[in-house]
Amino acid sequence: MLRDNGIQKVKLFDADSTTLNALKNSGIQVMVGIPNDMLNTLANSVQAAENWVAKNVSAHISSNGVDIRYVAVGNEPFLTTYNGSFEAITLPALQNIQSALTKASLSSQVKVTVPLNADVYQSTNDLPSSGNFRADIQALMVQIVQFLNANGAPFTVNIYPFISLYNNPSFPFDYAFFNGYSSPLNDNGRIYQDMFSANYDTLVWALQTNGYGNMSIIVGEIGWPTDGDQNANLLNAQRFNQGFMSRYLAGQGTPMRSGPLDAYLFSLIDEDAKSIQPGNFERHWGMFYIDGTPKYLLNIIANSNGLVAASNVPYLAQQWCIMSPSASLDDPQVGPSVSFACANADCTSLGYGTSCGSLDARGNISYAFNSYYQIQNQLARACQFSNLSVVTTTDPSTGDCKFRIMINVPTSMQSISSSVGSHKQPVGLLLFLSLFILSIL
């Protein structure tokens, strides 16, 4: 599917061997990731860093033909919500991984970087030209930038206009996109008609202010979700991602950097087991549904006719679990049953402004039951909710609200629970469990 869509680079959040083996001899460049929970070990042990590089980088390059180009050390480790937990260990981990790459004679081919959230820099007056690193991590950020620059490595930043819109009801809606904003920002003659460009150039100014104005920048994540919030829908996602890609394909940069951008679109597919602590939209960033079906028309390469679906995807039987027509909404087991189903499946398409927000009470219950039933690979016991549910062969989908059928995962990859009471993680997405972000270059 990656090759069919002309994708030449992927960014992973880990270094899962199954995923890397699938990418061998593919011609696709790879950024592997080190999760934040590994930073402490790698920061305090050069040997641990050398072992990690040997297992997750060297082995795949030498024997498997995987074209690994970057190691992402941590992921947004300086988010304010982490309360400084990773501030003392990120740079040492970065240094130890760099030393390990150098020892393995890979430092010229594989570069280190730290994907950072855009909250590591700020502007005192909302103008990009006043950009600088956040005061509480100013010295640390300069140290990291110095180290990256000395090793020919890029600054990686994740920029999300959607999050700004989600967090601030007063945020100007059209400013989040790449067209239609009527009140552009004027920064000493530099005109900003979209938030991305202003945010990106705030980073450019922060680097320039600290003496690194020519440092290369990678946009590690940028995208728009399609469900789970009133502004997360197919129309807005298509508008944002196509707006970004049209600029990208035209080689249009920003007022401070006019050349082509290096960027990864987030994300390849939806993730139905991802944490929804930041919001229900977190499970819906994909350009593709979990079965590899494109969500909307998106041209990511020149002269294309949109995204190409995954081929030969096997599905489970065309059957769904719904609320029984004979069941009563007043049944005292309805509440506990729905709560259980949603806690162990994915109900983030339900609620105000979502794709299934117009369902009635019975529809909501049916959606919850079916989500659990499909996550459990249509196990018979997974549609036995206290005499409230029944299996049907009539598709209950309506409009944009899709009651989905799970893909047929090979038996060797399944870990099906033996009872409806199991609280295991959903297993239906193991084929896609490693998280992809992709870029088109």
Measure nothing fancy, just the Cα-based angle from helix 334-343's long axis to the longest principal axis of the chain, in degrees from 0 to 90, nearest 10.
30 degrees
Across A104, A206, A72, the residue with the highest GNM fluctuation in the chain (Cα network, 10 Å cutoff) is A104
Once you compute Rg and the Kirkwood Rh from C-alpha atoms, what is the Rg to Rh ratio for the stretch 63-164?
1.01
Any idea which of S339, A104, N5 is furthest toward the positive side of the dipole for the chain, if Lys and Arg beta-carbons carry +1 and Asp and Glu beta-carbons -1?
A104
How far is helix 361-375 tilted off the main Cα axis of the chain, in degrees rounded to 10, range 0 to 90?
70 degrees
With an 8 Å cut-off on Cα pairs and a minimum separation of 6 or more residues, tell me the relative contact order of the stretch 223-357 in percent.
28 percent
Compute the signed sum of charges (Lys and Arg +1, Asp and Glu -1) over the other residues within less than 11 Å, Cβ to Cβ, of A198.
-3
Which net charge results for the neighbourhood of S85, defined as the other residues with beta-carbon distances under 14 angstrom from its beta-carbon, given Lys and Arg at +1 and Asp and Glu at -1?
-4
For the chain, find the longest principal axis of its Cα atoms and tell me its angle to the long axis of helix 195-209, 0 to 90°, nearest 10.
30 degrees
Of the listed peptides 212-222, 178-188, what is their order by residue-averaged count of other C-beta atoms within 10 Å, with the highest listed first?
212-222, 178-188
Stokes-Einstein diffusion coefficient of the stretch 1-153, Kirkwood radius over Cα pairs, 20 °C, 1.002 mPa s, in µm²/s
131 µm²/s
Note on the stretch 57-147: contact order normalised by length, alpha-carbon pairs under 8 Å, 6 or more apart, percent, works out to 28 percent
Helix-only estimate, please: 222 nm mean residue ellipticity of the chain, summing -39500 (n - 2.57) across DSSP H runs of length 4 or more and dividing by its residues, to the nearest 500.
-7500 deg cm²/dmol
For the table K274/K402; K111/K274; K11/K295; K24/K402, the rows whose alpha-carbon distance is greater than 31 Å are K24/K402
Computed from the coordinates I sent, Rg and Dmax of the Cα atoms in Å equals one of (i) 23.1, 71; (ii) 33.1, 118; (iii) 54.2, 216. Tell me the label.
(i)
For the stretch 44-98, alpha-carbon Rg relative to the globular expectation (2.2 N^0.38 Å, N residues):
1.33
The stretch 68-108-the stretch 322-385 distance, computed between alpha-carbon centres (Å)
42 Å
Protection proxy ranking, peptides 287-294, 189-196, 298-305, 62-69, average beta carbon neighbours within 10 Å, highest first:
287-294, 189-196, 62-69, 298-305
Please report, in whole Å³, the volume per residue of the convex hull around the C-alpha atoms of the stretch 234-300.
106 Å³
Ignoring any ligand, DNA or RNA, what whole percent of the accessible area of the chain comes from carbon and sulfur when the probe is 1.4 angstrom?
48 percent
When the chain is treated as a Gaussian network with springs between alpha carbons less than 10 Å apart, the largest mean-square fluctuation among I137, I405, I159 is found at I137
If one builds a Gaussian network model of the chain from Cα atoms under 10 Å apart, the most fluctuating residue listed among L235, L265, L350 is L235
Relative contact order (percent, whole number), the chain, Cα cutoff 8 Å, 6+ residue spacing
15 percent
Could you do me a favour and compute the accessible area per residue for the chain, 1.4 Å probe, result in Å²?
42 Å²
Magnitude of the Cβ-charge dipole of the stretch 165-272, K/R +1 and D/E -1, about the Cα centre, nearest 20 debye?
520 debye
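The values are calculated or read from the model by the stated rules, or taken from the named source; none is laboratory data. Predicted model only: the values in this text are computed from it and were never measured. Neighbour counts are summed over all protein chains in view; Cβ atoms, including those assigned to glycine, are modelled from backbone coordinates with ideal geometry. We work out accessible area using only protein heavy atoms, side chains counted, and drop any ligands, DNA or RNA first. Shrake-Rupley method; radii C 1.70, N 1.55, O 1.52, S 1.80 Å.
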